[in-house]
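**Q** The structure follows.
The values are calculated or read from the model by the stated rules, or taken from the named source; none is laboratory data. What you see is a predicted model, and the numbers here were worked out from it, not measured in a lab. Backbone-built Cβ (ideal geometry, glycine too); neighbour counts: all protein chains shown. Side chains are part of the model used for accessible areas, which takes the heavy atoms of the whole protein and leaves out ligands, DNA and RNA. Shrake-Rupley method; radii C 1.70, N 1.55, O 1.52, S 1.80 Å.
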Amino acid sequence: MVAQTQTDAPPADAGAPTDESVTTFTLENGLDAIVIEDHRAPVVVHMVWYDVGAADEPPGKSGIAHFLEHLMFKGTDDRAPGEFSTVVSAQGGTDNAFTSDDYTGYFQRVASDRLELMMEMEADRMRDLVLDDEDMLTERDVVLEERAQRTDSNPGALFGEMRAATQYLNHPYRIPIIGWRQEVEQLTLADALDFYRTYYAPNNATLVVAGDVDPAEVERLAKQYYGPLAPTEGLGPRERPQEPPQIAPRRLTYTDGRVSNPYVLRTYLAPERDAGAQEKAAALTILADLLGGSSQTSIMGRALEQEEGTALYTSAFYDGTRYDDTLFGLLVMPSPGRTLEEAEADMDRMIARLLEDGIDPAQLERIKSQVRASEIYGRDSLQGRARDYGVAVTSGLTVEDVAEWPRLLEAVTEEDVLAAAREVFDLDRSVTGYLTKPAESAEAESTASDPVAAQPAAADTNDEAPEPIQ
């Protein structure tokens with residue numbers, strides 16, 4: 001597998017603005033930049049997104065992208081280990097980082113007059129990280145402990161790993177972002193440095209600056225601090241193993257004594273948002289909301305939770321911002337006394353109801369109203385807007401695609417949703433998973449249950465398009 005920077009879908013051409021508050025530019029060394037003006041408060045969010053994530057790791061080196069994220073907070077020639085975050089905190093700001101399948105990102109939120117300092121420090125560690133074996137061993141132990149706490153001790157997370165490995169037959173999305181334990185234990189300083197020197201370069205990165213800034217000043221500072229950095233030569237489009245035709249349904253059952261509320265979760269291979277062609281993804285987004293977006297108004301929530309009382313919790317999910325094919329998922333957590341087989345039958349019944357009866361126009365309009373409200377409220381979050389653009393461009397989309405997305409969601413029709421449903425609900429491209437407890441544990445426990453406490457965490461129910469690991 002060769003993982004390289006994507007060049008077929010740049011953030012945007014400077015001559016094609018899509019939003020009067022958003023401008024773009026590209027430096028001579030290949031660094032793309034997006035500037036989002038918002039002068040409501042003297043605050044700025046400064047982000048650097050690298051076009052490399054867990055799905056771009058060399059074979060046998062799972063977890064190296066996340067491991068390097070930890071190491072980036074060590075020192076450079078100019079700053080001592082840990083000094084980066086100490087300086088940010090001393091300025092009254094916050095900083096962090098995250099790794100996903102398709103990207104790795106670093107951000108700071110500070111007063112707008114501290115932007116230059118953030119650029120100086122972030123540019124410094126883009127090409128000038130200094131590491132030794134002691135740093136490597138310390139952070140490797142930290143990553144292993146993180147895996148122990150977040151994954152090995154969490155039945156839902158382990159279940160998610162097994163389902164991803166079953167869903168993707170060949171694509172690296174089958175490998176967990178945090179890495180397989182036995183491979184993380186073998187990562188070396190040379191592994192980290194090789195990965196760093198290849199992918200942490202201006203021609204493999206996007207700078208996103210949002211807040212109380214002047215775009216011309218941002219460009220001037222970017223040229224001053226990021227401009228002198230040398231690009232990595234020879235990087236071309238990303239190349240990843242792709243999925244062969246999936247021609248048979250797959251099933252698995254994971255049994256764990258720590259499970260409090262069993263559930264059935266089915267995922268289908270589904271198309272992601274494609275640059276310039278997001279209509280199908282928009283229909284799938286609306287479909288997820290219609291089927292399982294709300295316990296009060298969704299098809300599954302209203303029927304199974306509210307009317308029949310056969311489920312404690314239901315959900316449907318779809319996240320189109322992935323570089324390659326993503327997943328559409330459905331979850332049903334049955335009420336006490338009902339089996340997972342009955343819950344799966346309920347899930348299939350709800351799909352059949354949608355396809356046979358169609359969609360209530362009033363419900364479709366409610367979903368669209370929620371989408372409009374979400375877009376309006378989303379613009380209030382400076383970091384949220386910056387993140388939307390960062391995730392998009394590192395997933396193969398453009399600045400124009402981000403601006404176009406709300407309009408495409410608004411334009412989705414009943415026919416669009418039903419066509420998307422008929423295409424995505426193909427059992428030959430699905431994995432049905434049961435997360436359950438040993439039979440003796442189920443018999444011993446009380447039938448009483450708190451449906452709120454019983455709901456699996458977001459990472460458990462949506463780990464096909466997981467929240468980045470920080």
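**Q** Within segment 356-384, which residues are among the aliphatic types (A, V, I, L, M) and farther than 13 Å from LEU287 by Cα?
**A** Passing the criteria: ALA362, ALA373, ILE376, LEU382.
**Q** Please state which one of ALA90, ALA33, ALA80, ALA55 is touching a residue at least 24 places away in the same chain (Cβ under 8 Å), farther than 21 Å from SER381 by Cα and of a type in the set (Gly, Ala, Ser).
**A** Only one candidate qualifies: ALA55.
**Q** Related question: Exactly one condition in (1) under 30 Å from ALA165 (Cα atoms); (2) open to solvent by 60 Å² or more (accessible area, probe 1.4 Å) is false for SER298; which is it?
**A** Evaluating SER298 over (1) under 30 Å from ALA165 (Cα atoms); (2) open to solvent by 60 Å² or more (accessible area, probe 1.4 Å) leaves (2) as the failure.
**Q** For segment 96-123, enumerate the residues that are of a type in the set (Asp, Glu) and farther than 22 Å from ILE64 by Cβ.
**A** Residues satisfying the conditions are ASP113, GLU116, GLU120.
**Q** Still on this structure: Can you tell me how many residues within segment 70-101 are under 17 Å from MET136 (Cβ atoms), part of a loop (DSSP other than H, G, I, E, B) and either polar (S, T, N, Q) or within 24 Å of the chain's Cα centre (by Cα) (or both)?
**A** So the count comes out to 2.
**Q** Hey, another quick one. Within segment 301-324, which residues are farther than 30 Å from GLY53 by Cα, open to solvent by 30 Å² or more (accessible area, probe 1.4 Å) and outside any strand (DSSP E or B)?
**A** ARG302, GLU305, GLN306, GLU307, GLU308, GLY309 - these are the residues of segment 301-324 that are farther than 30 Å from GLY53 by Cα, open to solvent by 30 Å² or more (accessible area, probe 1.4 Å) and outside any strand (DSSP E or B).
**Q** Please tell me if ALA386 is in contact (Cβ under 8 Å) with a residue 60 or more places away in the chain and in contact with a Leu (Cβ under 9 Å, 6 or more places away or on another chain).
**A** No; evaluated as a whole, the condition is false for this residue.
**Q** Another one. Looking at segment 120-130, can you tell me whether even one residue there is acidic (Asp, Glu), within 23 Å of the chain's Cα centre (by Cα), in a helix (DSSP H, G or I) and buried (at least 21 other Cβ atoms within 10 Å of the Cβ)?
**A** yes
**Q** Being among the small types (Gly, Ala, Ser), surrounded by 14 or more Cβ atoms within 10 Å (Cβ to Cβ) and either modelled with pLDDT of 95 or more or out of contact with any Lys or Arg (no Cβ under 9 Å at 6 or more places or on another chain) (or both) narrows it down to one of ALA458, ALA454, so name that one.
**A** ALA454
**Q** I would also like to ask the following. Determine whether segment 278-291 contains at least one residue that is free of Cβ contacts under 8 Å to residues at least 24 places away in the same chain and crowded, with 22+ Cβ neighbours inside 10 Å.
**A** Checked against the condition, which is being free of Cβ contacts under 8 Å to residues at least 24 places away in the same chain and crowded, with 22+ Cβ neighbours inside 10 Å, segment 278-291 yields no hits at all.
**Q** Here is a check on your reading of the model: is VAL44 of a type outside the set (D, E, K, R) and open to solvent by less than 10 Å² (accessible area, probe 1.4 Å)?
**A** yes
**Q** Follow-up question, since we're still on this one. Across segment 233-269, which residue is most open to solvent (accessible area, probe 1.4 Å) among those that are on the phi < 0 side of the Ramachandran plot and without any contact (Cβ under 8 Å) to a residue 40 or more places away in the chain?
**A** GLU233
**Q** Kindly indicate which of SER315, SER335, SER374, SER381 is under 28 Å from the mean Cα position of the chain (by Cα) and touching a residue at least 12 places away in the same chain (Cβ under 8 Å).
**A** Criteria check complete, one pass: SER315.
**Q** Same structure again: Picking from HIS46, HIS39, which residue would you name as being in contact (Cβ under 8 Å) with a residue 40 or more places away in the chain and farther than 29 Å from THR326 by Cβ?
**A** HIS39
For (1) open to solvent by 30 Å² or more (accessible area, probe 1.4 Å); (2) touching a residue at least 24 places away in the same chain (Cβ under 8 Å); (3) among the basic types (Lys, Arg), each residue gets a yes or a no:
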residue	(1), (2), (3)
ALA164	no, yes, no
TYR168	no, yes, no
ARG174	yes, no, yes
GLY179	no, yes, no
GLN182	yes, no, no
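**Q** Search segment 187-227 for residues being under 30 Å from ASP133 (Cβ atoms) and without any contact (Cβ under 8 Å) to a residue 12 or more places away in the chain, and hand back the single one that is surrounded by the most Cβ atoms within 10 Å (Cβ to Cβ).
**A** Among them, the one singled out is ASP194.
**Q** Let me ask something else. Taking segment 361-387 as the region of interest, how many residues are buried (at least 18 other Cβ atoms within 10 Å of the Cβ), at pLDDT 90 or above and under 30 Å from TRP49 (Cα atoms)?
**A** Number of matching residues: 4.
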